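A.B. asks: Here it is, the structure, as structure tokens.
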Amino acid sequence: MSDWLLIVVYVLIGIGVCFNAVGVIGLLRFPDVYSRLHAETKTTTFGSIFIAIAVAVFCFVRAGAEGDGSQVSLGVHALVALLVLAFGNATGSHALAMAAHRCGVKPAGGVVDALAKAQGAAADTGKEAAPASEPTPKEQPQAEPDDGPAGKEESS
Amino acid sequence: MITACLTAAAILAALILLASVRLMLGPTAPDRAVALDSINTLLVATMILLSVGFDQPVFVDVAVVYALLSFVGTLFIAKYLNRKAS
């Protein structure tokens, strides 16, 4: 395969490895769960996507050069892994952040906890029957009075 | 290309070791879950690189199944933490 295509693949792999390294450094250095999730999920997903793209490009180009069918299947499966990573990591990190908030883990140095306020306001208006298995009905009343309850509680 | 893939896989393995430090140290259970999630993502990327490095297309299938299973595992850990909190 030609030289500049090889350089493109090297650059893609390099971008992926660098982003993964940044994500792991953030996982080690940040102070609380939420900032660790913020650092880790986005950068690690981005880096792994770039590595999968690099492998797919390499395999497709080599399949075109050599006429090898197994290389095509390797590239397609790398793209499938890319899709699974992109959707699975985002959903899983949302679930983990919600679970951490319910466990009572507070953001380090945080001043305003808007989600706890919204849930407390929803519980005050009489919807305490919804258990932990359904978080959506608790969050719906937060949508319309966006600044109202927060401003009131800060002033009191 | 083979050398580049294996080198990148070795760097990612070192990163997995660094992330497992947070897995052992993490003060709360959600911290450990976050570290486990990141280790799973890095491991999928490592498997994709190793499949090119060793020229074994089967490894990518393993990576796809591993990514799906780790996603389901993360969701179950989150569900467990939810139930323990309430």
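A.B. asks: Taking 25 °C and 0.890 mPa s as the conditions, I'd like the Stokes-Einstein D for the protein assembly as shown in µm²/s, using the Kirkwood hydrodynamic radius from alpha carbon pairs.
C.D. replies: 125
A.B. asks: A further question on this structure: If you take each beta carbon of peptide A:36-45 and count the beta carbons of other chains within 10 angstrom, what is the mean?
C.D. replies: That works out to 4 on average.
A.B. asks: Using the number of other C-beta atoms within 10 angstrom as an exposure proxy, rank A:Arg36, A:Arg62 with the fewest first.
C.D. replies: So the residues, fewest neighbours to most, are A:Arg62, A:Arg36.
A.B. asks: Can I ask one more? Just to check I understand the Karplus step: with θ = phi - 60° and J = 6.51 cos²θ - 1.76 cosθ + 1.60, what whole-Hz values come out for region A:86-94, glycine and proline as x?
C.D. replies: After applying 6.51 cos²θ - 1.76 cosθ + 1.60, I find 5, 7, x, 5, 5, 5, x, 6, 4 Hz.
A.B. asks: Then there is this: Using Cβ contacts closer than 10 Å as the measure, can you line up B:Phe71, A:Phe58 from fewest to most?
C.D. replies: Going from sparsest to densest Cβ surroundings: B:Phe71, A:Phe58.
A.B. asks: So how do A:Arg29, A:Arg102 line up by other beta-carbon neighbours within 10 Å, fewest first?
C.D. replies: A:Arg29, A:Arg102
A.B. asks: Under the rule of at least 5 residues apart or a separate chain, name every residue whose amide H is placed under 5 Å from the amide H of A:Phe30.
C.D. replies: none
A.B. asks: Which whole-Hz ³J(HN,Hα) couplings does region B:17-29 yield from phi under the Karplus relation 6.51 cos²θ - 1.76 cosθ + 1.60, θ = phi - 60°, glycine and proline marked x?
C.D. replies: Coupling constants for region B:17-29: 4, 4, 5, 6, 4, 5, 4, 7, 7, x, x, 10, 5 Hz.
A.B. asks: Could you count how many Lys pairs in the protein assembly as shown have their Cα atoms under 16 Å apart, skipping same-chain pairs fewer than 8 positions apart?
C.D. replies: Within the protein assembly as shown, the lysine pair count is 5.
A.B. asks: Hey, could you pull the Cα Rg and Dmax for region A:19-69, both in Å?
C.D. replies: In Å, with Rg to one decimal and Dmax whole: 16.2, 51.
A.B. asks: OK, next. Got a sec to turn the phi values of region A:64-70 into Karplus ³J(HN,Hα) couplings, 6.51 cos²θ - 1.76 cosθ + 1.60 with θ = phi - 60°, whole Hz, x for Gly and Pro?
C.D. replies: Result, rounded to whole Hz: x, 7, 9, x, 9, x, 5.
A.B. asks: Taking a ≥ b ≥ c as the square roots of the eigenvalues of the Cα gyration tensor of chain B, is the shape rounded (a/c under 1.5), prolate (a/b larger than b/c) or oblate?
C.D. replies: Since a/c reaches 1.5 but b/c is at least a/b, the shape of chain B is classed as oblate.
Bear in mind these aren't lab numbers, they're just calculated from the coordinates by the rules spelled out. Because the structure is predicted, anything quoted here is derived from the model rather than measured. Glycine also receives a Cβ, built like all others from the backbone with ideal geometry; neighbour counts cover every protein chain displayed.
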